[in-house]
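Novice: Once you've had a glance at the structure underneath, I'll fire off some questions.
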Amino acid sequence: MKNILVTGGLGYIGSHTVIELIAHGYNPVIIDDLSNTSLDVLKKLEEISAQSIKFYQADVNSETELTRIFSESDIHAVIHFAAFKAVGESVNEPLKYYRNNIGGLISLLQVMKSFEVKNIVFSSSCTVYGEPDHSPVDELAQIKKANSPYGNTKQIGEEILSDCQFLNTVALRYFNPIGAHASAKIGELPLGVPNNLVPFITQTAAGIREKITVFGNDYNTKDGTCVRDYIHVVDLANAHVKALDYIRQHPDNHFEVFNIGTGNGLTVLEIIQAFERVNQLKLNYTIGGRRAGDVEKVWADNQKADTVLGWKANIGLDEMVRSAWAWQQQLQ
Ligand code: UD1
């Protein structure tokens, strides 16, 4: 069974990916520094998969710790999730983002090189497109100057990987993952006040927040609110399994990038309405001003993922908002 090192494997996308890896015959080895998650997630992963999972509490910035971990397991490939992701925070604390997201990647690649591990799946983001000239946006679209240090770390990360000729890289450009595992044992666990839309919605529905503010209804979209491509996190997790399969089947590949989205654009109000309809509740929301740095509309052209990776999103919007609420409810 192939060992897959999963950095940030106790985070939101990482934890769902660990479950899908096990279901598809891979053996995950998790590294997480617990900076934005808790050890309880490991327990839940072991409950869902009914097996024990190798875990290291370690920081990807430490080459010493990484060296120890690589020497203890024969690693076939790395899935690199471990990174900070709060856009607003990255504007205020750019060095924190460059140190962790870029420094961590470089440390990891150094150690991979010395152990002759060349296979890597990288967590990139649709943020690399900035405000695209048109949507759906495909992988050949122009990469514009990032509108935040966070976005820049994803652009630079892709460039570093593509410059490292020894690697076989698949970079996945995620659109907006939402929802939770069907068991409701794992999901998105924001620390403090959530930045992202769906955790804010579920916390408002749960009474933790008084109301949610929709950031602007004067955009050039069908109802004036921003459009995103929301994708179920389990579908996104499965894209990583497909990426590993692709790397195995194309050992001489060097660098490939794929959009991972459903191909459907939805407005903020459409998400709120779906959440209310499916979960049969009313959400307290108001319309506020625009959030600085927000993109008006972006959704994926996912043809390449379909034809080259053999990956498609299968889970619909109703299950996304149902599972998000089921997860929130069991947190209380
Ligand atoms: C952004 C980045 C994405 C990054 C993610 C990490 C872009 C295009 N996307 O996602 O790459 O991985 O952050 O956190 O830069 N909204 C409200 N009220 C709220 C919260 C959000 O109306 O309280 C709206 C936003 O204005 C936006 C939509 O909901 O239109 C989605 O917001 P969010 O969940 O924060 O994701 P992005 O900003 O798309």
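Novice: Considering Glu159, Glu139, which residue is in a helix (DSSP H, G or I), of a type in the set (D, E, K, R) and surrounded by fewer than 23 Cβ atoms within 10 Å (Cβ to Cβ)?
Specialist: Glu159
Novice: Identify the residue in the range 103-133 that is out of contact with any Gly (no Cβ under 9 Å at 6 or more places or on another chain), part of a loop (DSSP other than H, G, I, E, B) and within 15 Å of the ligand (Cβ to nearest atom) and, among all such residues, is least open to solvent (accessible area, probe 1.4 Å).
Specialist: Going through the qualifying residues, I end up with Pro132.
Novice: For the range 185-211: of the residues being of a type in the set (A, V, I, L, M) and near the ligand (Cβ under 10 Å from one of its atoms), which is surrounded by the fewest Cβ atoms within 10 Å (Cβ to Cβ)?
Specialist: Restricting to residues being of a type in the set (A, V, I, L, M) and near the ligand (Cβ under 10 Å from one of its atoms), the top hit is Val193.
Novice: Ala83 passes all but one of (1) of a type in the set (A, V, I, L, M, F, W, C); (2) assigned to a loop (DSSP other than H, G, I, E, B); (3) open to solvent by less than 10 Å² (accessible area, probe 1.4 Å); which number fails?
Specialist: It fails just one condition, (3).
Novice: Confirm whether Phe255 is aromatic (Phe, Trp, Tyr), more than 30 Å from Gln332 (Cα to Cα) and open to solvent by 40 Å² or more (accessible area, probe 1.4 Å).
Specialist: When the stated conditions are applied, Phe255 passes them.
Novice: Still on this structure, please answer the following. Considering the range 271-325 alone, what residues qualify as being β-branched (Val, Ile, Thr), open to solvent by 40 Å² or more (accessible area, probe 1.4 Å) and touching a residue at least 60 places away in the same chain (Cβ under 8 Å)?
Specialist: Those that are β-branched (Val, Ile, Thr), open to solvent by 40 Å² or more (accessible area, probe 1.4 Å) and touching a residue at least 60 places away in the same chain (Cβ under 8 Å): Thr286, Ile287, Val308, Ile315.
Novice: Go through the residues of the range 196-205 one by one and say whether even a single one is under 20 Å from His240 (Cα atoms) and at pLDDT 95 or above.
Specialist: No, there is no match, as no residue in the range 196-205 is under 20 Å from His240 (Cα atoms) and at pLDDT 95 or above.
Novice: Also, quick follow-up: Return the residues of the range 162-184 that are surrounded by fewer than 17 Cβ atoms within 10 Å (Cβ to Cβ) and of a type in the set (Phe, Trp, Tyr); say none if nothing qualifies.
Specialist: Result: Phe166, single match.
Novice: Counting residues that are touching a Lys or Arg at 6+ places or on another chain (Cβ under 8 Å), which strands (runs of 3 or more DSSP E) fully inside the range 1-77 reach at least 2?
Specialist: Per the criteria, 27-32.
Novice: Something else about it: Would you please list the contacts, defined by Cβ atoms under 8 Å and residues six or more apart or on different chains, that run from a residue in the range 176-204 that is over 20 Å from Val278 (Cβ atoms) to a residue that is within 14 Å of the ligand (Cβ to nearest atom) and not in a helix (DSSP H, G or I)?
Specialist: Matching pairs, first to second residue: Pro190/Asn196; Leu191/Asn36; Val193/Arg209; Asn195/Ala86.
Novice: I would also like to ask the following. Would you tally the residues in the range 101-160 being among the polar types (S, T, N, Q) and under 20 Å from the mean Cα position of the chain (by Cα)?
Specialist: 11
Novice: May I ask you to list the residues in the range 142-156 that are within 9 Å of the ligand (Cβ to nearest atom) and in a helix (DSSP H, G or I)?
Specialist: Tyr150, Gly151, Lys154
The values are calculated or read from the model by the stated rules, or taken from the named source; none is laboratory data. Note that the structure is a prediction, hence the values are computed from the model and not measured. All Cβ positions, even for glycine, are placed from backbone atoms using ideal geometry, and neighbour counts span all protein chains on display. Note: accessible area is taken over every heavy atom of the protein model, side chains too, but ligands, DNA and RNA are not part of it. Shrake-Rupley method; radii C 1.70, N 1.55, O 1.52, S 1.80 Å.
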